[in-house]
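S.K.: Structure below; questions to follow.
The values are calculated or read from the model by the stated rules, or taken from the named source; none is laboratory data. Quick caveat: nothing in here was measured; it's all calculated off a predicted structure. Counting neighbours? That spans all protein chains shown, and the Cβs are built from the backbone with ideal geometry, glycine included.
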Amino acid sequence: MSGRDQLKRTKETCHRYCAPSCVDQKRKGFHIELLKLRPHWSVQKKEEQFQKIDLGDKVPFDIALPLPARDEETPGSDRGIRLFWEMFRCQECGRCCYTPGAGLCLEKEDFERVSHHLGSKKKFKTMCRYDKALGVWVLKLPCPFYDKDGKKCQIYTIRPQTCTKYPLHPPLKEMPYNLAVDAFCPAARELAKETLGWWIICENNWSRILGGQNIDKRTP
Ligand code: SF4
Ligand code: SF4
């Protein structure tokens, strides 16, 4: 097996079996002790990394976080997502709602729910466009439901599912086992900076697995 394949398999194993202990180590700040033991890029290249993350303010891209993404096959694998929401502090800047963009894909249920709320599908359709290639309705952005003066969503309790998940994005192709966030969101960028040192925990687990140690699936 090539080194690359080996690392891929290691990360997959890490994602599956270390997730509970890994999330726990991160929550408890285990990285602080590890960072004292050896030099790490998250400290040495901190400023450079921060500048890179802040580029997302102008050119949106996705950042992989040192948190496991959900694995549908493994029960309880939403620990990473739960820790993300525990830590995420929305700044309520509204940028995700009022910034012009390609639009926001709606699930079928979103379309029905919001149309029902407006009392008219026809009215809602004027706020959307139909994407033939994707076969879905897309809510136009800037979002017509964002109240710029009151700085709030006018349909908050029934907002589309994509809005409830933002700034979480699907994992990056090259990092399929980690949560990814939209760097355009300032709160997501803050979290990426705050958790930069957590990568040493991931790397520690990868080398532990590569070192051939058994993974105890029951590790809390
Ligand atoms: S861009 Fe981020 S910080 Fe701003 S309102 Fe949206 S989720 Fe909150
Ligand atoms: S529906 Fe609400 S939360 Fe979603 S983009 Fe519009 S204003 Fe923002």
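S.K.: Of (1) more than 27 Å from the chain's Cα centre (by Cα); (2) within 15 Å of ligand 2 (Cβ to nearest atom); (3) not basic (Lys, Arg), residue 119 satisfies all except one. Which?
M.R.: (2)
S.K.: Let me ask another. Would you confirm whether any residue within segment 165-172 is over 30 Å from residue 66 (Cβ atoms) and either within 15 Å of ligand 1 (Cβ to nearest atom) or charged (D, E, K, R) (or both)? Working first, answer last.
M.R.: Kept after step one, since they are over 30 Å from residue 66 (Cβ atoms), are these residues of segment 165-172: none.
No, because not a single residue in segment 165-172 is over 30 Å from residue 66 (Cβ atoms) and either within 15 Å of ligand 1 (Cβ to nearest atom) or charged (D, E, K, R) (or both).
S.K.: Output the residue which, of all residues in segment 152-170 that are among the aliphatic types (A, V, I, L, M) and farther than 19 Å from residue 82 by Cβ, is farthest from ligand 2 (Cβ to nearest atom).
M.R.: Restricting to residues being among the aliphatic types (A, V, I, L, M) and farther than 19 Å from residue 82 by Cβ, the top hit is 158.
S.K.: Out of 42, 21, 115, I need the residue that is within 21 Å of residue 197 (Cα to Cα), modelled with pLDDT of 95 or more and among the hydroxyl-bearing types (Ser, Thr, Tyr). Which one?
M.R.: So the residue among 42, 21, 115 that is within 21 Å of residue 197 (Cα to Cα), modelled with pLDDT of 95 or more and among the hydroxyl-bearing types (Ser, Thr, Tyr) is 42.
S.K.: Can you tell me which residue within segment 131-162, out of those that are within 30 Å of residue 19 (Cβ to Cβ) and touching a strand residue (DSSP E or B) at 6+ places or on another chain (Cβ under 7 Å), is surrounded by the fewest Cβ atoms within 10 Å (Cβ to Cβ)? So that I can check it myself, show each step before the final result.
M.R.: Kept after step one, since they are within 30 Å of residue 19 (Cβ to Cβ), are these residues of segment 131-162: 159-162.
From the residues that got through so far, the ones that are touching a strand residue (DSSP E or B) at 6+ places or on another chain (Cβ under 7 Å) too are 159-160, 162.
Details: 159: 20, 160: 22, 162: 16.
Residue satisfying both the conditions and the ranking: 162.
S.K.: Among residues belonging to segment 128-137 that are part of a strand (DSSP E or B) and away from ligand 2 (no atom under 12 Å from the Cβ), point out the one that is farthest from residue 111 (Cα to Cα).
M.R.: Checked segment 128-137; the qualifying residue farthest from residue 111 (Cα to Cα) is 131.
S.K.: Got a number for residues in segment 83-104 being surrounded by 13 or more Cβ atoms within 10 Å (Cβ to Cβ) and free of Cβ contacts under 8 Å to residues at least 12 places away in the same chain?
M.R.: Qualifying residue count for the region: 0.
S.K.: Any idea which residue in segment 78-108 is farthest from residue 179 (Cα to Cα), counting only those that are in a helix (DSSP H, G or I) and within 14 Å of ligand 2 (Cβ to nearest atom)?
M.R.: By that ranking, first place goes to 98.
S.K.: Related question: Tell me, yes or no, whether segment 157-164 has at least one residue that is in contact with a Cys (Cβ under 8 Å, 6 or more places away or on another chain), within 16 Å of ligand 1 (Cβ to nearest atom) and not in a helix (DSSP H, G or I).
M.R.: Yes, segment 157-164 contains a residue that is in contact with a Cys (Cβ under 8 Å, 6 or more places away or on another chain), within 16 Å of ligand 1 (Cβ to nearest atom) and not in a helix (DSSP H, G or I).
S.K.: Another question, then. Among the residues of segment 9-18, are any of a type in the set (A, V, I, L, M, F, W, C), at pLDDT 90 or above and surrounded by 14 or more Cβ atoms within 10 Å (Cβ to Cβ)?
M.R.: no
S.K.: Still on this model: Taking segment 83-99, which residues are of a type outside the set (D, E, K, R) and more than 14 Å from ligand 1 (Cβ to nearest atom)?
M.R.: Within segment 83-99, just 83 meets the criteria.
S.K.: Specify the residue that is farthest from the chain's Cα centre (by Cα); the eligible residues are those in segment 1-45 that are closer than 26 Å to residue 79 by Cα and among the polar types (S, T, N, Q).
M.R.: Out of the qualifying residues, it is 6.
So that you can scan it fast, the table gives a plain yes or no per residue for (1) part of a strand (DSSP E or B); (2) in contact (Cβ under 8 Å) with a residue 60 or more places away in the chain; (3) of a type in the set (Phe, Trp, Tyr); (4) more than 18 Å from residue 82 (Cα to Cα):
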{"site": "125", "(1), (2), (3), (4)": "no, no, no, yes"}
{"site": "139", "(1), (2), (3), (4)": "yes, no, no, yes"}
{"site": "150", "(1), (2), (3), (4)": "no, no, no, yes"}
{"site": "172", "(1), (2), (3), (4)": "no, yes, no, yes"}
{"site": "190", "(1), (2), (3), (4)": "no, yes, no, no"}
{"site": "198", "(1), (2), (3), (4)": "no, yes, yes, no"}
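S.K.: State whether one or more residues within segment 123-130 are surrounded by 14 or more Cβ atoms within 10 Å (Cβ to Cβ) and within 24 Å of the chain's Cα centre (by Cα).
M.R.: no
S.K.: Just to verify a result, which residue in segment 176-220, among those that are touching a helix residue (DSSP H, G or I) at 6+ places or on another chain (Cβ under 6 Å) and of a type in the set (Ser, Thr, Tyr), is modelled with the lowest pLDDT?
M.R.: Taking the candidates together, the pick is 219.
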